[in-house]
1. Suppose we filter Gly511, Gly515 for residues that are modelled with pLDDT of 85 or more and open to solvent by less than 10 Å² (accessible area, probe 1.4 Å); which single one remains?
2. Among the strands (runs of 3 or more DSSP E) contained in the range 229-342, which hold 1 or more residues that are aliphatic (A, V, I, L, M) and over 30 Å from Ala207 (Cβ atoms)?
3. Let me confirm something: among Gln464, Gln530, Gln471, which residue is part of a helix (DSSP H, G or I), free of Cβ contacts under 8 Å to residues at least 60 places away in the same chain and open to solvent by 30 Å² or more (accessible area, probe 1.4 Å)?
4. Checking the condition of a type in the set (Lys, Arg) and surrounded by fewer than 15 Cβ atoms within 10 Å (Cβ to Cβ), which residue from Arg311, Arg323 passes?
5. Which count do you get for residues in the range 343-353 that are open to solvent by less than 40 Å² (accessible area, probe 1.4 Å) and assigned to a loop (DSSP other than H, G, I, E, B)?
6. Out of the range 426-461, which residues are open to solvent by 50 Å² or more (accessible area, probe 1.4 Å), of a type in the set (A, V, I, L, M, F, W, C) and either in a loop (DSSP other than H, G, I, E, B) or modelled with pLDDT of 85 or more (or both)?
7. Identify, from the list Ser168, Ser129, Ser116, Ser164, the residue that is open to solvent by less than 20 Å² (accessible area, probe 1.4 Å), within 24 Å of Ala255 (Cα to Cα) and either modelled with pLDDT of 85 or more or touching a Pro at 6+ places or on another chain (Cβ under 9 Å) (or both).
8. Taking the range 176-217 as the search range and keeping residues that are at pLDDT below 90 and within 24 Å of the chain's Cα centre (by Cα), which one is farthest from Phe137 (Cα to Cα)?
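The values are calculated or read from the model by the stated rules, or taken from the named source; none is laboratory data. Only a predicted model underlies this, so the values are computations on that prediction, with no experimental measurement involved. Neighbour counts are summed over all protein chains in view; Cβ atoms, including those assigned to glycine, are modelled from backbone coordinates with ideal geometry. Each accessible area value is taken on the protein alone, full model and side chains, heavy atoms only, with ligands, DNA and RNA left out. Shrake-Rupley method; radii C 1.70, N 1.55, O 1.52, S 1.80 Å.
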Amino acid sequence: MTWAVFWATAVAFLAFAGLEVSLLSGVGIALLGAASLGAVFFGAKATRDRALGQLAALKALTARGELAPTDELIYTECLDLASAIQGIRRTYRDEIEGLQRAAFRDPVTGLPNLNSLKLMIDRNLPKTSYGKPAALFHLRIDGFENSGTTLGSDFAERLERDVSSRLSLLLATMASNADDRMRNALLASKAFNEFMIFLPDECDRQAASVLARHLKALFSEAIEIDGRQIRLGLIGGIAMAPDDGVSADTLIKNAGMALDEMGREGKAGFQFFTPRLERVAVGRQKLEQELRDAVSAREFQPFFQPKICFRTGRMVGAEALARWNRPSGQMISPGAFIPLAEELGLIDEIGFQILDTACHSAAKWNTQDLDLSVAVNVAPSQFDRTDFVDRVLDALRQSGLPPRRLELEITETMAVSNPDRVINVMHPLRAMGVKLAIDDFGTGHANLSMLTQLPFDIFKIDRQFVSSLEQDQQAPAIVEMILAMAETLGLETVSEGVETEAQAAFLRRRGCTIGQGFLFSRPIPDPDLQTMAAHWIAQKKVAS
């Protein structure tokens, strides 16, 4: 056999290996080199080098006439070469498939991910220009976080796979029931507890509403895994093409806006995107940035609502209530910014700013012989911080306020959620004289046994009970029970929301210690509070 036969046989085996090789002396060698280069990147360098080494050596020896290869030698070497290249090709294919799975599939559920969803949407959206609407659902499943925390990440992943299977089965069932709009539905995984459904086939608002009802029904009952009953919540946002967007990015953004709006309302169900939501979102983004800037600039300050002793009529203290003092001079109440601050994780810093300023104000009151205490609300996340005690001590030290003049208010819900935490945090502070008040008492789930173990000094009766004293027949009994409980435990009581003389008279007769509300004063700035307290002192001196 001549060397020409050798090269022809080699080319045949290379073609068998799946490589398009035409001429080894020119283009064929280049293609083989390109294939070998791919092998370098996918861990096949040693195999590539061995195969090319064998081929190059044979070619050189044959060209110089130093070797007249036999049929057996040619067959063996070409077979080795074909096998080596086939291995390179197989490795290359496996690596490419792995990269594609990672790029376009969710690793837990195996569903298409957001990248795959975007490709599918952009491929189908041109149909909408011919009067064929499409719908995009953005679903958020509530309850995954609690399952992961209490039962472990493995269980949470099983729950995630179970939910994805249920969603897939629902779409398949609807498609099998002659609903052609579900035939090409794409279910994708966006995040740990978020899924998206794209309906490309003439899905109008009516068809989207039908699917929304089926989805709500799917999560109306608990899911059982390993004998555990898991109850999940479902909210969703829906964007329609072409009305709400003609690109994947726009539709995904608008469906997300609708979802977020539904989440802020705190209700289960679905929300269609509307242009109003976009205006709200733009305004919200602006407010978020302004709020962050305000925290950096320390624009938050306390207004003080006086607390009046029912027995003497004397002002004995004030509660510090956060206000946002904008550079324009506009004062914004907490109801407008506290929920957003909590969502953005800014509430802790705002709370500490109010604490610092309130302590400085109260320290100044006491240098003027006003003899007033100050009460400061504490957010749950603020109380849970590991540096909470240090921050309180810093506020006292820097202001010079005696610890006995500071009251910290936490809600009843906070107290009963982790009583051991309350005891550990308050122990060093109460040892110094700082008082602890349980705010909104009567609205939570505390029982007498628990209350006797918690380090409280003050009960604050929630304003809803006080405001109902004259309308609700049960309200007086509830307030009397709270006051009797406080007396038994030797605690001070503060009634919030006192607005009428009749309410004040009832509370005074039943032994309530302190009243707070519009009957006495609205929240006022520090200078006004000082003027009010000084005026009271002057009146007492004249009377005496």
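1. Numbers: Gly511 fails: open to solvent by less than 10 Å² (accessible area, probe 1.4 Å).
Only one candidate qualifies: Gly515.
2. Values: elements: 233-241, 269-272, 300-309, 315-325.
In the range 229-342, 300-309, 315-325 are the strands (runs of 3 or more DSSP E) which contain 1 or more residues that are aliphatic (A, V, I, L, M) and over 30 Å from Ala207 (Cβ atoms).
3. Answer to the selection: Gln464.
4. Working: Arg323 fails: surrounded by fewer than 15 Cβ atoms within 10 Å (Cβ to Cβ).
After applying the criteria, what remains is Arg311.
5. Count: 1.
6. Ala431, Met432, listed by residue number.
7. Values: Ser168 fails: open to solvent by less than 20 Å² (accessible area, probe 1.4 Å); Ser129 fails: open to solvent by less than 20 Å² (accessible area, probe 1.4 Å); Ser116 fails: open to solvent by less than 20 Å² (accessible area, probe 1.4 Å).
The conditions single out Ser164.
8. By that ranking, first place goes to Phe192.
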